[in-house]
Amino acid sequence: MELNKIYKIGYIAISLTLVFLLSCNAQKTISLQKKQVSDKVYPLLDTENSRWFYFSSASRPFGMVNLSPDTEIKGDWGGGYKYTTDTVKGFSHVHEWQLSGVSVMPVTISDTNKSSVFKDFYSKFSHKTEIITPGYHSLKLDRYQITAELTSTPRVGFHQYTFPKNAQKAILFNLNTILGPCENRNGTLEKNNDYELSGSLVLSTNFRRPKPLTVFFKVKTNQPIASLERDPATGNYLIHFGKAKEQILMKVGISYTSIENAAINMETELPHWNFSQTVADSRKEWSALLGRIKIEGGTETDQRRFYTDLWHALQGRKMISDANGAYPDNTGNQFRVGHLPLNTNGKPKFNHYNSDAFWGAQWTINTLWGLVYPEIMEEFVYSLMQYYKDGGIIPRGPAGGNDTYVMTGASTTPFIISAIQKGIVKENLEEIYTALKKNHMPGGIMEKAGYEHNTNIGGGLKYCLQNGYVPYPLPDGNFGSHEDGASQTLEYAYQDWTLAQLAKKLKHEDDYQYFMKRSQNYKNIFDTSIGWMRPKNAEGKWRENYDPYQYENGFIESNGAQSTWFVPHDMEGLANLMGGKEKAAEKLNLQFETAQKLNFTSGTSHDAELHPEFSRIPVNFGNQPSMQTSNIFTLLGRPDLTQFWTRSVVKNTFSGLSPATGYNGDEDQGLMGSLNVLLKLGLFQMNGGTDKEAVYQIGSPIFNKVTIDLNPRYYSGKTFVIKAENNSTEKVYIKDIKYNNKAVKDFTLTHEEITKGGELILGMSDQPKS
C-alpha cells in the first residue's frame, strides 16, 4: 500500500482518537468535532533527520516553551525527537537555538527500581500509541504503563500523566544532564508547599554561545506532593506522590530572569487546570495563523504538506522575554535583567527573541512574514533593535541574550530593510539606519566570521574595502567558521545594495553612492574566462586548479557552481558577465538538467552535502545559497523556465509526507518551510523585497486557488487571491496573466499593489507561451 494511503488511514484513526481524547473532560462549550486547518499538519515530517530545535509538538507559535519528548539527548544535530529511536529519555521544555533545559520524566516506583531510578529511567514507546498535532503530544511509556500528554501556553508547559491505578507515582526532574547543544548544570529544586516547587539550572557555554544562561522555573501540581528526594550522585530530584489519584497534572512555567517571573508567566497564561481547554486554545491559535492562507485544489497530500511547511515557517526563533517584559541581557560584561518598553496598558510593546541566523531569510521569511504575518516581522525588527540598544550591535543569530555570530555577513540588514520598504516599520528609521550602517563598516558584524567572538578578522572586511573582495584563504589565519572569501564577497555585495536602498529612501545620497559602489564587488570574483565565480587570494591571483563543483572551495555550504548565481540585487549585471541573458539562461538551465538527476538536492540531509556523490550537484535546494535559482529565469526573460523548474522542484523534492524526508538539508528554523510555501504559491522576491517597490515575481502555483487574508492593521486590502485556471500537474505554464482585470507585465507585482487587495488570474497551459 502506498505511504499516502497508509498515512491517510492512520490520520483518520488518530483524528478520531484525538477528538475522543480531548472531549472526555472538556467543557460542553468547547467543540473539537469540527475540523480545523491545524489538523492538516503532519508533525512527523523529516523527523528521521532530527536537530535539537527542529521538532515541535506541544508548543505555541514562537513560544518560550517548546515541550516535546526527547529520544536522543546528546548533540545539536541528531538530538531531540528522532523518529527512528524508540526510547523516551525525558520530556524537556526548551528546544531552541543553542538552548535546552528542564527535562522531566514520569515514573513508577517499585522495590526493584527505587534505588536506581535516577540513572535508569528511560522507557520504550510505540508510534502506534502516539498522537501529535500542533500544540499537543501524547504517547504511552511502555515501561511504566503511563500515558503522557503534553500541551503548553507560550511560557508554560502543561503535563497530564495517567498512571496505573495502584502504582507508586513519581516525576523525575533530570536537571543535571546533557540536552542537545549544551550541558544542564547546577540544577536545584525546592519544595515550597505541598503543591508547589521552584528550581533553576544553568546552561553551560559552548563555542557558539560563550556565556552561560540560567533557566528558572516554577512547578505546580494538582495532587499533593508526598516528598521531594534528591540524589547526591546525579544531583537530580524525584517528586513522590505516593498512591495519589491516577491522573496527575503538572504546570511548569519557565523564565530566563527569575523564579518570580516564571511564576508570573504561569499566573498570566495558565491560571486554571483545564488541560483540554489549553489544548483547544493552542489548536485554535495555530489554526488562526495557518488559516490566513486558504488553498483549493491539489491533492490531499499537497494540501497537508503545504500547511506542514507553513507550520514550520512559524516555528523556531523562540521568545526569551517574560509576560511582564523582563528579559535576559547578556550583551555586556555582566549579565543583567532588561525590561522591554510597555504600552499604555502596561504590557510589553513586543516580545524579545532568540534566533538562529537570518542567513537565507531574504528568500524566505522576508517575503512570507512580510505579506502574511507583518505583525511578526515588526516584532522581530524591534527585538533586533533592542539588542542594538543593549549591546551596540544588531545580531545575526542571538542566543541567551547575546549574539552567537552564526554564519557570516549582516544577514539581518535585508530583513529589516524589507520591513521598512513594505511599510511595516515606519518609526525611528534614522536610528535603524545608523545601527545597520554600523554593521557594514569597520567595527561592525561584517568583520566577524561564524562564531568569532573575541576577534574581528575572519570576516575579511578590511580586504573587501581595500581590494573589492575577500581573499581565500584569509592570509591572517583562522578566526571563525565559514571564512570562505568568495561567498563572503557575494554576500556583502548584496547586503550593501540593500543598505543603499535605505540610504536612498532617507536621502543619504553620499552613502547611497558609496554602498552602491560596494554592491558591485561581486564582479571582482567572476572569472570571465571560465564563466564562474572564482576565489582570489590576497595577492589577487585566481585560485589554482579551481573546480567549481568542489564543495566549500571558497564558498559557504555550497560550491562555486551553486554560488555563482548569488547576485540577487543585479541579475542583469551578472548576465552581462556571462554574455547576455540568453546565454545566462542556457547556462542555468543546463545546471537544472544536471541537478534533476539528484532531485535538486545534495542528498536528503544536511550532512549528506559533504558526500562526494552529492556535493558536486550544480543546484542545491537543500541549503540556502542556491535555493533562489529557479526564480532567476524570470529575471533573465525566461519565465517559462521558472515555471517549469519550480514546479519540478516542488514535485520531486518537496511534495511528500514522510519521517524519512521533507527538506533534504538544512531547515534552519523555518527557512526551508517558508521557501516551500512561496514556491507552491508562485510568489518570490529575488532581492528580498528590499527595493523601493518591494517587487514580487509571479511563478506557477500548484493550487487552483489561493486566498491570503491581509492584516488590516498594516494593509488596506482585505484579501489577495490567486486563481490558476485549468491548473494541473501538466499545465505548469502561464499563458496569460491579469491582476484586477489588467494585464500584468514582466510577471511582477509590487507590494503595494498586492496589499491593496485584488485577484490575480493566471491562465495555465501545458505549453510555454511563445
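The selection criterion, being surrounded by fewer than 23 Cβ atoms within 10 Å (Cβ to Cβ) and farther than 26 Å from residue 636 by Cβ, holds for residue 476. Just one of the listed residues (744, 721, 732) is within 24 Å of residue 650 (Cα to Cα) and in contact (Cβ under 8 Å) with a residue 40 or more places away in the chain, namely 732. Within region 44-81, the set of residues being among the hydrophobic types (A, V, I, L, M, F, W, C), within 14 Å of residue 313 (Cα to Cα) and surrounded by fewer than 24 Cβ atoms within 10 Å (Cβ to Cβ) comprises just one member, 62. For region 144-166, filtered to residues that are assigned to a loop (DSSP other than H, G, I, E, B) and modelled with pLDDT of 95 or more, the residue that is farthest from the chain's Cα centre (by Cα) is 164. Flag: residue 559 matches the condition of being touching a residue at least 24 places away in the same chain (Cβ under 8 Å) and touching a strand residue (DSSP E or B) at 6+ places or on another chain (Cβ under 7 Å). On inspection, residue 636 does not qualify as touching a strand residue (DSSP E or B) at 6+ places or on another chain (Cβ under 7 Å), touching a residue at least 60 places away in the same chain (Cβ under 8 Å) and crowded, with 24+ Cβ neighbours inside 10 Å.
Within region 192-218, if we keep just the residues that are of a type in the set (Val, Ile, Thr) and in contact (Cβ under 8 Å) with a residue 40 or more places away in the chain, the residue that is surrounded by the most Cβ atoms within 10 Å (Cβ to Cβ) turns out to be 215.
Among residues that are buried (at least 24 other Cβ atoms within 10 Å of the Cβ) and in contact (Cβ under 8 Å) with a residue 24 or more places away in the chain, residue 158 is included. Taking the criterion of being more than 27 Å from residue 453 (Cβ to Cβ) and either β-branched (Val, Ile, Thr) or buried (at least 23 other Cβ atoms within 10 Å of the Cβ) (or both), the only residue of region 334-353 that qualifies is 344. Applying the condition of being out of contact with any strand residue (DSSP E or B) (no Cβ under 8 Å at 6 or more places or on another chain) and closer than 17 Å to residue 413 by Cα to region 446-468 and asking which residue is surrounded by the fewest Cβ atoms within 10 Å (Cβ to Cβ) yields 447.
Checked across region 298-307, the condition of being in the same structural domain as residue 683 (by TED's automatic domain parsing), assigned to a loop (DSSP other than H, G, I, E, B) and within 28 Å of the chain's Cα centre (by Cα) holds for at least one residue. For region 622-629, the count of residues that are modelled with pLDDT under 95, part of a loop (DSSP other than H, G, I, E, B) and either of a type in the set (A, V, I, L, M) or crowded, with 21+ Cβ neighbours inside 10 Å (or both) is nonzero. Being over 30 Å from residue 330 (Cα atoms) and either among the β-branched types (Val, Ile, Thr) or not assigned by TED's automatic domain parsing to the domain that holds residue 156 (or both) holds for only one residue in 259, 264, 239, and it is 239.
With respect to (1) surrounded by fewer than 24 Cβ atoms within 10 Å (Cβ to Cβ); (2) of a type outside the set (Ser, Thr, Tyr); (3) under 28 Å from residue 56 (Cα atoms), the lone exception for residue 649 is condition (1). Residue 316 satisfies every condition listed in (1) at pLDDT 95 or above; (2) surrounded by 22 or more Cβ atoms within 10 Å (Cβ to Cβ); (3) under 30 Å from residue 336 (Cα atoms) except (1).
The condition of being over 30 Å from residue 675 (Cβ atoms) and crowded, with 19+ Cβ neighbours inside 10 Å holds for residue 331.
Being in a loop (DSSP other than H, G, I, E, B), more than 30 Å from residue 703 (Cβ to Cβ) and either basic (Lys, Arg) or outside the structural domain of residue 201 (by TED's automatic domain parsing) (or both) is a property that holds for residue 245.
Checked against the criterion of being in a loop (DSSP other than H, G, I, E, B) and either out of contact with any helix residue (DSSP H, G or I) (no Cβ under 8 Å at 6 or more places or on another chain) or without any contact (Cβ under 8 Å) to a residue 40 or more places away in the chain (or both), region 360-375 has no qualifying residue. The residues of region 667-694 that are acidic (Asp, Glu) and buried (at least 24 other Cβ atoms within 10 Å of the Cβ), listed by number, are 667, 668. Of all the residues in region 713-767, those that are on the phi > 0 side of the Ramachandran plot and touching a Pro at 6+ places or on another chain (Cβ under 7 Å) number 1.
The values are calculated or read from the model by the stated rules, or taken from the named source; none is laboratory data. Please read these numbers as outputs of a predicted model, since none were measured by experiment. Reconstructed Cβ throughout: ideal geometry from the backbone, glycine too, with neighbour counts over all protein chains shown.
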